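Student: Supplied in structure tokens, the structure appears directly below.
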There are 2 protein chains.
Amino acid sequence: MGKVLVFGHKSPDTDAICSAIAFADLKKQLGEDVEAVRLGDLNGETEYVLNHFGVAVPRLVKTVANEVPAVYLVDHNERAQSADDIEDVEVLSVVDHHRIANFETKAPLFYRAEPVGCTATIINKLYKEAGATLSKTIAGLMLSSIISDTLLFKSPTCTDEDVKAAKELEAISGVDVQTYGLDMLKAGTNIADKSAEELITLDMKPFEMGKYTVEIAQVNVVDTNDALSRQAELEAAIRKEIETKNLDLFVLAVTNILTSDSEALILGKAAAAAESAFKVTLDNHVATLKGVVSRKKQIVPVLTESLAD
Amino acid sequence: MGKVLVFGHKSPDTDAICSAIAFADLKKQLGEDVEAVRLGDLNGETEYVLNHFGVAVPRLVKTVANEVPAVYLVDHNERAQSADDIEDVEVLSVVDHHRIANFETKAPLFYRAEPVGCTATIINKLYKEAGATLSKTIAGLMLSSIISDTLLFKSPTCTDEDVKAAKELEAISGVDVQTYGLDMLKAGTNIADKSAEELITLDMKPFEMGKYTVEIAQVNVVDTNDALSRQAELEAAIRKEIETKNLDLFVLAVTNILTSDSEALILGKAAAAAESAFKVTLDNHVATLKGVVSRKKQIVPVLTESLAD
């Protein structure tokens with residue numbers, strides 16, 4: 001078998017980057033020629049993580065078929081979230097913790113999904129099952145993935161398995177999870193130097209829901225006013241995105257990592273469906289989503305349900 | 001969590017039935033209320049297996065949403081191969097060894113697929129990972145699944161992992177794999193008492209391939225003439241199936257389990273695509289597929305490729 005690329009989703013977050021690096025490390029220990037790459041720019045949080053552990057930033061790619069015949073996916077499966085030419089390569093393996101949709105293969109493959117909070121939690125099991133060695137650095141990256149995806153264990157997506165894995169990884173990495181975790185999350189909340197276009201795409205995921213084309217972006221902050229004070233600018237960027245991609249709905253969730261609530265800025269012709277999904281009334285396109293911090297568990301399923309009607 | 005049903009694909013084979021029984025047993029050991037059911041009639045081979053180990057035939061169901069809100073799938077994922085109302089229930093978990101296609105969930109789930117020869121080989125791992133106990137009977141059923149899916153280890157779908165699992169299961173079940181295996185396979189080749197309609201549906205799977213609707217049936221024999229001497233009768237049944245379901249292609253593979261070759265009877269308006277896929281010329285709708293015994297590995301991928309053009 002020739003070289004294989006492994007990568008997480010577009011608009012990569014810490015789990016998309018670190019799980020790709022960890023999975024590549026695991027496969028290399030098993031004798032394979034694997035390179036972790038990324039499909040987009042790093043966010044501030046992930047920059048902090050790679051810098052903290054002294055790990056090189058994976059190479060940026062847009063397409064993969066020009067390099068390899070086959071790939072491994074981590075932290076995603078949906079076509080729209082993957083490499084632009086994903087349909088031109090064979091997907092040999094997927095490790096993921098999201099719903100399965102708009103994903104199809106010609107041949108059997110290795111697919112490992114579990115309804116846990118973070119891909120790294122599953123990769124931690126794969127290391128054990130393979131009898132592979134977790135270095136201090138890789139353990140630190142995987143711990144960072146779990147902290148990021150579970151917002152330091154406060155997200156409803158966080159499971160006992162994530163907490164258990166984090167404890168194991170904390171011991172190996174020698175990192176203090178609470179101190180390091182808050183520093184790391186805060187590094188991702190500095191949005192003052194980001195343009196409105198960057199803010200709505202940095203952690204944005206596209207979805208096909210029934211007949212509708214939807215994009216859902218999320219920004220973590222320690223004060224929602226940091227984002228909402230720039231509402232006019234954000235709306236302009238979102239309207240341009242809706243027009244360019246002919247979207248039916250765009251949701252920007254501004255999530256306060258300290259209070260665990262989100263303010264949602266919602267635009268597009270399917271906005272009424274979002275109102276009924278979240279049982280809120282938009283005021284100047286904005287609504288408070290109490291206790292909502294997880295796109296995967298608290299936003300995607302209710303929107304999918306509502307838009308399917 | 002309330003009761004959950006677990007089942008394999010329609011037109012069930014030995015793996016679809018026995019893996020459902022084994023997975024239900026595993027989940028029961030973990031304290032869950034799970035019942036294994038089936039979506040169709042048993043074939044002669046599976047009847048032999050259940051009878052040999054004194055295991056009751058799982059209950060037949062057509063729909064599931066009238067009974068439970070959520071299900072576990074084994075040995076399949078494609079919508080067309082599942083319960084008629086599969087879209088009305090939540091799929092909590094899939095254990096499978098086929099391609100992934102026409103499968104979509106709203107929420108994250110447990111999905112365990114590996115490119116091995118048999119679902120039971122993966123379930124054997126799940127027992128170990130859960131620290132559960134494999135009884136003599138369940139081990140015998142799982143061994144039967146592997147024998148059936150790999151045609152006693154002769155199919156190209158058979159992997160080292162299947163052979164390893166079979167050895168472990170042979171030791172636990174106390175069955176002699178060669179003697180029992182051949183008896184079991186032969187029990188599935190007695191087609192004299194089956195009508196043409198039964199022969200084309202007993203182990204038939206529907207597929208959506210590009211724009212085409214395809215059904216692929218397989219019959220195991222020890223002499224291909226047992227089936228081909230009834231070609232006129234089989235063709236009539238297939239033409240009726242094509243008309244009723246508006247199919248583009250129907251492939252009946254008559255597989256000789258002793259020589260490991262198949263005779264394919266191919267009808268439908270996309271028959272030319274099948275000829276080019278298999279690089280054969282049909283003679284009176286029939287062509288020999290040398291060394292072809294596996295629908296999954298040797299028929300589905302080449303047809304999918306050919307029909308996508």
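The values are calculated or read from the model by the stated rules, or taken from the named source; none is laboratory data. Being a predicted model, the structure only gives us computed values, none of them experimental. All Cβ positions, glycine included, derive from the backbone under ideal geometry; neighbour counts span all protein chains shown. Surface accessibility is based on the protein's heavy atoms, side chains included, excluding ligands, DNA and RNA. Shrake-Rupley method; radii C 1.70, N 1.55, O 1.52, S 1.80 Å.
Student: Out of the strands (runs of 3 or more DSSP E) lying entirely within region A:63-134, which hold 3 or more residues that are in contact with a Phe, Trp or Tyr (Cβ under 9 Å, 6 or more places away or on another chain) and at the interface with chain B (Cβ under 8 Å from one of its Cβ atoms)?
Tutor: Filter on region A:63-134 gives A:110-113.
Student: I've got another one for you. For a quick check of your reading of the model, give me the residue pairs whose first member lies in region A:28-53 and is without any contact (Cβ under 8 Å) to a residue 40 or more places away in the chain, whose second is in a helix (DSSP H, G or I) and open to solvent by 50 Å² or more (accessible area, probe 1.4 Å), with beta-carbon atoms closer than 8 Å and at least 6 apart or on different chains.
Tutor: Qualifying pairs under 8 Å: A:VAL34/A:LYS28.
Student: Filter region B:127-145 down to the residues that are in contact with a Leu (Cβ under 7 Å, 6 or more places away or on another chain) and crowded, with 17+ Cβ neighbours inside 10 Å and list them by number.
Tutor: Within region B:127-145, B:TYR127, B:ALA139, B:MET142, B:LEU143 meet the criteria.
Student: Based on this model, can you work out whether B:VAL74 counts as farther than 21 Å from B:VAL300 by Cα, touching a strand residue (DSSP E or B) at 6+ places or on another chain (Cβ under 9 Å), in the same structural domain as B:THR133 (by the TED database) and of a type in the set (A, V, I, L, M)?
Tutor: It is false that B:VAL74 is farther than 21 Å from B:VAL300 by Cα, touching a strand residue (DSSP E or B) at 6+ places or on another chain (Cβ under 9 Å), in the same structural domain as B:THR133 (by the TED database) and of a type in the set (A, V, I, L, M).
Student: Conditions first: (1) of a type outside the set (Lys, Arg); (2) more than 26 Å from A:ILE17 (Cα to Cα); (3) part of a helix (DSSP H, G or I); (4) in contact with a Gly (Cβ under 8 Å, 6 or more places away or on another chain). A:LEU169 passes all but one, so which condition is the exception?
Tutor: If we test A:LEU169 against (1) of a type outside the set (Lys, Arg); (2) more than 26 Å from A:ILE17 (Cα to Cα); (3) part of a helix (DSSP H, G or I); (4) in contact with a Gly (Cβ under 8 Å, 6 or more places away or on another chain), just (2) comes out false.
Student: Can you confirm whether A:GLU114 is acidic (Asp, Glu), more than 30 Å from A:GLY291 (Cβ to Cβ) and either at pLDDT 95 or above or not assigned by the TED database to the domain that holds A:ASP261 (or both)?
Tutor: When the stated conditions are applied, A:GLU114 does not pass them.
Student: Then there's this: Any residue in region A:185-203 that is closer than 17 Å to A:GLY40 by Cα sitting within a Cβ distance under 8 Å of a residue that is at pLDDT below 95 and assigned to a helix (DSSP H, G or I)? List the pairs, counting only those 6 or more apart or interchain.
Tutor: Note: pairs meeting the criteria are A:GLY188/A:GLY44; A:LEU199/A:ALA227.
Student: Another question about this same structure. Any chance you could count how many residues in region A:280-300 are open to solvent by 30 Å² or more (accessible area, probe 1.4 Å) and either touching a helix residue (DSSP H, G or I) at 6+ places or on another chain (Cβ under 9 Å) or at pLDDT below 95 (or both)?
Tutor: 9
Student: Another question, then. Name the pairs: first residue in region A:136-159 and over 19 Å from A:SER294 (Cβ atoms), second residue assigned to a loop (DSSP other than H, G, I, E, B), Cβ to Cβ under 6 Å, at least 6 apart or on different chains?
Tutor: So the pair list comes out as A:GLY140/A:VAL175.
Student: Please go through (1) facing another protein chain (nearest Cβ under 9 Å); (2) surrounded by fewer than 18 Cβ atoms within 10 Å (Cβ to Cβ) for B:VAL57 and return the number of the only condition it doesn't satisfy.
Tutor: Of the numbered conditions (1) facing another protein chain (nearest Cβ under 9 Å); (2) surrounded by fewer than 18 Cβ atoms within 10 Å (Cβ to Cβ), the odd one out for B:VAL57 is (1).
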